[in-house]
1. So residue 103 ticks every box in (1) surrounded by 10 or more Cβ atoms within 10 Å (Cβ to Cβ); (2) at pLDDT below 85 but one. Which box is left unticked?
2. Restricting to the stretch 18-41, what's the tally of residues that are among the hydrophobic types (A, V, I, L, M, F, W, C) and at pLDDT below 55?
3. Determine whether the stretch 63-73 contains at least one residue that is at pLDDT 90 or above, surrounded by 10 or more Cβ atoms within 10 Å (Cβ to Cβ) and not polar (S, T, N, Q).
Amino acid sequence: MSNDEIQSRIKCVQNWKRQMDDVRADLTGGFGKTSSKGSREALLGSKQEQEERAKAKKALERDNQEFMEGEGMRQQLIHEELNVYLDDLHTSVTRLGEMGLTIHHELKEQEAIVDDLTERTDANHSNMLDINKQVSDLLKSRQGRNQLLLIAGLILALLVVVALIFILP
């Protein structure tokens with residue numbers, strides 16, 4: 001190994017040592033060279049500070065746990081309340097469905113009644129047209145007038161007999 005090479009290696013080691021000292025100074029907060037025990041205390045703090053941090057951490061964990069339990073209970077209450085609302089909604093929808101079916105059946109029955117009434121009305125209308133035609137034909141003929149007077153007389157006689165039966169008992 002040559003002298004130049006040794007000098008080059010010495011400079012490299014010194015450069016590395018300087019960089020390590022800079023890193024150590026950054027880690028210890030610029031307090032200079034301290035022992036490993038002192039640098040640890042500088043980084044972690046004193047025993048009292050460590051105990052205070054541990055108490056604060058425990059208190060924070062306890063608060064977090066209480067918060068999570070409270071939130072869990074609150075969410076459970078909300079969930080139960082939503083279940084009650086959904087049950088009420090289900091009951092209402094079921095009732096509306098039943099009412100809809102009842103209305104449907106009622107409308108079907110009324111439709112059948114209206115259809116039957118329409119058929120009867122059409123049949124009666126047809127009968128009335130036939131009767132009107134027959135009456136019109138009777139009035140046109142002379143013999144028909146005589147028959148019409150005879151029918152009116154007989155109806156009048158029938159009314160008199162019925163009246164006598166109910167009046168004289």
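1. (2)
2. Residues of the stretch 18-41 that are among the hydrophobic types (A, V, I, L, M, F, W, C), as a first pass: 20, 23, 25, 27, 31.
Filter once more, keeping what is at pLDDT below 55: 31.
Total satisfying the criteria: 1.
3. Yes, there is a match, as at least one residue in the stretch 63-73 is at pLDDT 90 or above, surrounded by 10 or more Cβ atoms within 10 Å (Cβ to Cβ) and not polar (S, T, N, Q).
Results for (1) open to solvent by 90 Å² or more (accessible area, probe 1.4 Å); (2) at pLDDT below 90, shown as yes or no for each residue.
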| position | (1), (2) |
| --- | --- |
| 109 | yes, no |
| 113 | yes, no |
| 131 | no, yes |
| 147 | no, yes |
| 151 | no, yes |
| 165 | yes, yes |
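The values are calculated or read from the model by the stated rules, or taken from the named source; none is laboratory data. Keep in mind that this is a model prediction, so the values were computed, not measured. For neighbour counting, all protein chains shown are included, and Cβ atoms are generated from backbone atoms with ideal geometry for every residue, glycine included. Calculation scope for accessible area: heavy atoms of the full protein, side chains included, ligands and nucleic acids excluded. Shrake-Rupley method; radii C 1.70, N 1.55, O 1.52, S 1.80 Å.
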